[in-house]
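First the structure, in the form of structure tokens, and then the observations on it.
The values are calculated or read from the model by the stated rules, or taken from the named source; none is laboratory data. Keep in mind that what you see is a predicted model, and the values were worked out from it rather than measured. Here the Cβ positions follow ideal geometry from the backbone for every residue, glycine too, while neighbour counts run over all protein chains shown. Ligands, DNA and RNA are stripped out before the accessible areas are found, and what is left, the full protein with its side chains, is counted by its heavy atoms. Shrake-Rupley method; radii C 1.70, N 1.55, O 1.52, S 1.80 Å.
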Amino acid sequence: MNKIKKTLFSNKPVTIDENSLIMAIESSCDETACAIVKGGREVLANVVASQIKIHEEYGGVIPEIAAREHLEAVNVAVAETFKQANVKPEDITAFAGTVGPGLVGCLLVGLNATKSLALAYDKPFIGINHLNAHISANFIDTELKPPFIALLVSGGHTQIIDVKSYSELEIIGETIDDAVGEAYDKVARLIGLPYPGGPKLDKLAQVGNPFAFKLPEAKVGGYDFSFSGLKTAVLRLVKSFDGQELPVNDVCASFQECVSATLLKKVKHALEERGYNQVVLAGGVAANSEIRKKIFNLKDEGYDVYAPQMKYCTDNASMVASAAFFFDKTFDDINVEVFSRV
Ligand code: KG4
Ligand code: ZN
């Protein structure tokens with residue numbers, strides 16, 4: 001891996017190689033994160049300031065509050081990252097930041113901090129797509145190389161991506177309505193679990209009977225998904241108890257079984273059709289116990305399976321630095337604007 005980037009003032013070329021140190025900032029939603037990664041795979045520092053406690057009382061992320069919190073936290077996170085990595089700003093090879101998709105006000109804070117660092121230290125600036133960053137969490141501490149099929153499951157996205165090379169990524173399927181994480185959070189809310197409900201629902205599902213209730217699997221063609229019908233089916237199921245005690249663990253387990261079986265089926269189909277033997281899981285929902293288990297079971301069928309370590313599943317900046325190192329299609333123009341949706 002050897003990339004040449006330009007610094008901002010002197011225009012002198014900078015080579016990005018195994019010894020390069022990339023500092024990245026991530027602020028697309030409710031985590032202010034900063035990291036320094038060496039050679040795309042070795043994390044020297046990974047700092048995450050979570051706002052979950054602040055948004056909990058509202059039952060979801062309030063964009064205005066989130067943006068203000070990023071502003072409070074970003075400088076502290078950057079300073080703490082330099083300290084933990086024991087690295088000076090002058091030693092950084094390039095600065096990377098998330099451009100989108102995400103909450104615009106939030107993205108602006110992190111991206112402007114990144115641009116400022118690049119300008120102040122006359123280093124290359126690298127803008128990163130948040131979804132490529134989630135996939136790149138799989139490069140950390142591994143030797144993964146394309147081609148592979150990626151299953152990206154987060155709060156905002158559900159996609160199957162054919163990662164043909166570091167420069168060619170093809171989205172071959174996606175959700176036509178709710179993302180998996182969104183469905184988890186909505187179902188969690190309707191059974192009374194606090195925000196963010198996904199991880200809590202997962203915990204209850206682990207002690208429930210996954211075959212207690214048969215929930216409908218959406219019939220969507222190709223590699224696409226739909227989860228809004230499933231969410232409505234859970235709502236109907238919950239209402240049918242009409243005051244009687246709800247078997248919460250069994251409802252959670254049955255929902256989780258339906259979601260994970262659907263994801264597995266489509267991923268297997270993609271692997272077979274594209275003829276790949278590597279599959280990677282990515283995004284916040286990659287932390288889910290049953291989805292991980294089902295995807296890892298593909299090892300028994302001869303596939304190489306990757307999933308990020310738990311701390312690199314949900315939003316963090318190490319994955320952003322790794323994406324800056326590996327992926328070619330980045331935003332290297334300092335004037336790049338943030339974007340909310342793909
Ligand atoms: O990737 P991420 O941190 O943010 C986005 O880019 O969206 O993903 C957050 C999502 C939330 O919807 C959260 O409920 C879900 O990931 N999540 C989980 C689990 N851990 C996080 N969903 C199900 N099971 C989990 N264990
Ligand atoms: Zn994310």
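For the chain, take every pair of Cα atoms, bin their distances at 10 Å starting from 0, and report each bin as a whole percent.
6, 26, 32, 23, 10, 3, 0, 0
Counting only protein heavy atoms and using a 1.4 Å probe, what share of the accessible area of the chain belongs to carbon plus sulfur, as a whole percent?
Ligands and nucleic acids excluded, carbon and sulfur give 51 percent.
Counting pairs of alpha carbon atoms under 8 Å apart in space and at least six apart in sequence, what relative contact order in percent does the chain give?
23
Could you give the alpha-carbon Rg of segment 148-308 over 2.2 N^0.38 Å, rounded to two decimals?
Output field value: 1.03.
Counting only heavy atoms of the protein chains, get the accessible area per residue of the chain (1.4 Å probe) and round it to a whole Å² value.
43
If the chain between Glu170 and Val76 were fully stretched, how many nm would it gain, using 0.36 nm times the residue separation less the Cα-Cα distance?
Full-extension gain reported as 30.1 nm.
Which pairs, out of Lys53/Lys200; Lys164/Lys268; Lys266/Lys311; Lys12/Lys88; Lys123/Lys145, put more than 22 Å between their alpha-carbon atoms?
Distance filter (> 22 Å) returns Lys266/Lys311; Lys123/Lys145.
Filter the trypsin sites (Lys or Arg not before Pro) in segment 203-276 to those in DSSP coil with at most 16 other Cβ atoms within 10 Å of their Cβ, and list the result.
Lys214, Lys219
At 222 nm, what helix-only mean residue ellipticity would the chain give, in deg cm²/dmol to the nearest 500, using -39500 (n - 2.57) for each DSSP H run of four or more?
My calculation for the chain gives -12000 deg cm²/dmol from helical runs alone.
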